[in-house]
Amino acid sequence: MPKVPTTREKIGVTQQVFAEFLNISLSQLAMAETNKRNYPVQALHIVSQIDICLLEPSAEIDTDTKPIEKRYKTCLLQIETAQRKLEKLLHQYQQCCNAITVANNLHKSLPQATPAQLQWLKILATDAQQELNSCGKAQQQLLQVTITTLEAEAAALLSLLAPL
């Protein structure tokens, strides 16, 4: 006569994992599975609930890939958006660097500059320096990390979709 699988075996977990889940010792589980002892009352309640779940008609395994496809498409859009933001930051960063360079060089090379021109150059350099804080290397790196993370997630999602 073939061996009747235990509840634990039907759900495919080890004795250690099942004992921890039931909050009983490994030896208590082993004795209960070999009918040498009964499960403690609380563990028996849980085991019986698992058995009831196993007896009910099983729900069909969800093979709907729409949520995965949706998240994959969302990742692609987020990557595209982040790449555009990064390009914009790089352009903005270059403009700020250019403005600072121009302001500093003109300040030195225009000995006859009027006070208004000198003030304008100072404002140009100050504004560009402040704007560097919003488009500088740290923000660029943060966007690059975001892009890399989204690309990894998209690749993982694609691998989930491939076998289906």
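The values are calculated or read from the model by the stated rules, or taken from the named source; none is laboratory data. Worth saying up front: this structure is predicted, and the values here are computed from it rather than measured. A quick note on method: Cβ atoms are made from the backbone with ideal geometry, for glycine too, and the neighbour counts reach across all protein chains shown.
A few points about this structure:
- Ala82 vs. criteria assigned to a helix (DSSP H, G or I) and not assigned by TED's automatic domain parsing to the domain that holds Cys135: no
- Members of the range 106-164 that are more than 30 Å from Arg71 (Cα to Cα), of a type in the set (Ser, Thr, Tyr) and in a helix (DSSP H, G or I): Ser109, Thr126
- Residue that is nearest to Gln78 (Cα to Cα) [pool: residues in the range 144-160 that are touching a residue at least 24 places away in the same chain (Cβ under 8 Å) and over 14 Å from the mean Cα position of the chain (by Cα)]: Gln144
- For Thr101, the criteria (1) more than 20 Å from Leu86 (Cα to Cα); (2) modelled with pLDDT under 90; (3) under 42 Å from the mean Cα position of the chain (by Cα); (4) among the polar types (S, T, N, Q) hold in every case but one, which is (2).
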